Amino acid sequence: MRPLSPKNPLAPMPAMRPYRPPAWLALLLTVALGGCASARVDIEPVAPVDLPAGWSQADGKTTQLEPDLNWWRHFGSDELSELVQEGQTNNYEIAAAVSRVRQAQVQALIAGAPLLPQVDFATYVNRDIPFSSGAATTSTSAMLEVGYEVDFWGKNRAAQTAAQEAYRANIFDRETVALTVTSSIVSTYLQVLSLRDRIKIARNNIANAERVLALVEAQSRAGAASPLDLARQRSALAGQRAGLPDLQQQERAAQITLAILLGRPPQSFTVKQEGLNGIQMPDIGPGLPSELLTRRPDIRHAEALLAEANANVAVARASLFPSIQLTGSAGTQSNALLSLFNGPNMLANIGLSLTAPIFNSGLLKNQQELAVAQKQELVQWYRSSVINALSEVEKALSQIESLAQRYKLKSTEVEQARVAFELSEVRYRIGAEDLMTVLDTQRSLSDADTALGQLKLERLQATVSLYKALGGGWQEEKPTAPPPTPGPAAAPGATAAAAPPAPRAAPKAPEMPPLPAGGGAVAYPVAPR
């Protein structure tokens, strides 16, 4: 409602003309405050991260310089590829990360709104009814009101930049989540197959123990074996059988974990492949250490957060200076509704206001110091992310090389243990060896078989860790695709063959304004970049 006149409480108060300071005063304030705006916060320089020229474990024999987008296909399993695509579509963690990207996108659009004028339309209708004599009158007005904050110090622009960098950070975070989920799916799938191999080995060991027990029982009936030998073999057989239920439980637990990663109910989910025999051992070259800065989405996420902190420092600094508001209104006012838009009834009003902080108990200054401290923290976090990425790749390369050597040596041990067990069994039949020798060779073969299967799993999982440490083949420069929409869980017994293709890169919504170039860790270079 329009304010009322003190002389006539029912009459509208005429529009008041805003106070306009003299031109010389406005010029003086601009010069003085401009001098304040030139002050910058001195940030302590940060030493660059010294990147090595190469990896100490790289042999240079592989031709693949970086993992491709569908790196899991190098394991040679169609079922694994289908499960990965299903997980990237239906996993709830990825779906939540996609929602966070959308939230950040909308926040960036909201942050850009103060850079444009705000326009409102207002209408007023007043009915004046006299208490004594006279006729009632009706006055009508319509106003178009415009408000705009002059972004003289760049506060609103910096706030928009901070929101856009937060949007980019959420895109990279979504890619990090997708890479983590994909690696977990592949690793868990390999664990299920490895446990099935161990179950098969356990059953073979039980069959061997049963065959030896039958031989000991036959010799005991003939008086060639003592009751002690019979008890020992029965105990060995019981021990072999006791380990089987635990392996079966572990295999089922791994399948349940895999079903959760796929967004499926675990009750009806089962893996079709029976073991690791059909899995190929990928050969991957790590490329150059400096390529991690663009390959790994978690490093790009840290860069975006650092760029956001840069912009927040600018926002906090600009808040120390006055804010300049421009207001304007145009409209009409009339006592007769039909003559509302006649020329003499048209009104206009333009105003300017300047609000400067004088005393706030150091609130704005402390907010600026807080923003600087938060930026310094993110600088260290970014440098830590780079160092951790280098160490993860180096560990994975070292582990792959060590496991390859151990697997080769363990394979020889398994072959010789099997020969020893077969010879001891033959010699026991003819009475040339005692039962203890047979039991020792049987135990050695069982342990070596189990260790060999475990080494094969560890080697495959180390390769998965290397793919993850290298960024999983993700590249921001690749063509973008819409983010996957989380679908309902697959029906019991349904296959994953019809699942949509895996997301290939960070989603970018078309309505998002272009992101500013640079930013991030540009002010804190990593040498060599």
Looking only at the stretch 91-108, which residues are in a helix (DSSP H, G or I), under 23 Å from Tyr189 (Cβ atoms), open to solvent by less than 20 Å² (accessible area, probe 1.4 Å) and not small (Gly, Ala, Ser)? Ile94
If we scan the stretch 364-377, do we find a residue that is of a type outside the set (A, V, I, L, M, F, W, C), farther than 30 Å from Val49 by Cβ and touching a residue at least 60 places away in the same chain (Cβ under 8 Å)? no
Out of all the residues in the stretch 167-203, which are modelled with pLDDT under 90, polar (S, T, N, Q) and more than 19 Å from Thr89 (Cβ to Cβ)? Asn170
Test Val386 against the criterion of being surrounded by 18 or more Cβ atoms within 10 Å (Cβ to Cβ), of a type in the set (A, V, I, L, M, F, W, C) and on the phi < 0 side of the Ramachandran plot, and give yes or no. yes
Residue that is farthest from Asn366 (Cα to Cα) [pool: residues in the stretch 287-321 that are of a type outside the set (A, V, I, L, M) and part of a loop (DSSP other than H, G, I, E, B)]: Gly287
Scan the stretch 466-493 residue by residue and report those that are at pLDDT 50 or above and either open to solvent by less than 60 Å² (accessible area, probe 1.4 Å) or more than 28 Å from the chain's Cα centre (by Cα) (or both). Leu466, Tyr467, Ala469, Leu470, Gly471, Gly472, Gly473, Trp474, Gln475, Glu476
Starting from the stretch 143-163, take each residue that is assigned to a helix (DSSP H, G or I) and list its partners that are among the polar types (S, T, N, Q) and open to solvent by 50 Å² or more (accessible area, probe 1.4 Å), counting only C-beta distances under 8 angstrom and pairs at least six apart or across chains. Ala158/Asn312; Ala162/Asn312; Ala163/Gln107
Evaluate the following for Ser290: is it out of contact with any helix residue (DSSP H, G or I) (no Cβ under 8 Å at 6 or more places or on another chain) and within 29 Å of Asn170 (Cβ to Cβ)? yes
Please specify each residue of the stretch 249-282 satisfying the condition of being without any contact (Cβ under 8 Å) to a residue 40 or more places away in the chain and assigned to a loop (DSSP other than H, G, I, E, B). Phe269, Thr270
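Does any residue of the stretch 107-122 turn out to be of a type in the set (Val, Ile, Thr) and touching a residue at least 60 places away in the same chain (Cβ under 8 Å)?
No, the stretch 107-122 has no match at all.
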What are the residues in the stretch 215-273 that are among the polar types (S, T, N, Q) and more than 30 Å from Val426 (Cβ to Cβ), if any? Gln248, Gln249, Gln250, Gln255, Thr257, Gln267, Ser268, Thr270, Gln273
For the stretch 428-442, check the following and say yes or no: at least one residue is of a type outside the set (Ser, Thr, Tyr) and at pLDDT 90 or above. no
Given the condition open to solvent by less than 20 Å² (accessible area, probe 1.4 Å), of a type outside the set (A, V, I, L, M, F, W, C) and in a helix (DSSP H, G or I), answer yes or no: does some residue in the stretch 194-208 qualify? yes
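The values are calculated or read from the model by the stated rules, or taken from the named source; none is laboratory data. Remember, predicted model here, so these are calculated numbers, not experimental data. Heads up, the Cβs are rebuilt from the backbone with ideal geometry, glycines too, and the neighbour counts pull from every protein chain shown. Note: accessible area is taken over every heavy atom of the protein model, side chains too, but ligands, DNA and RNA are not part of it. Shrake-Rupley method; radii C 1.70, N 1.55, O 1.52, S 1.80 Å.
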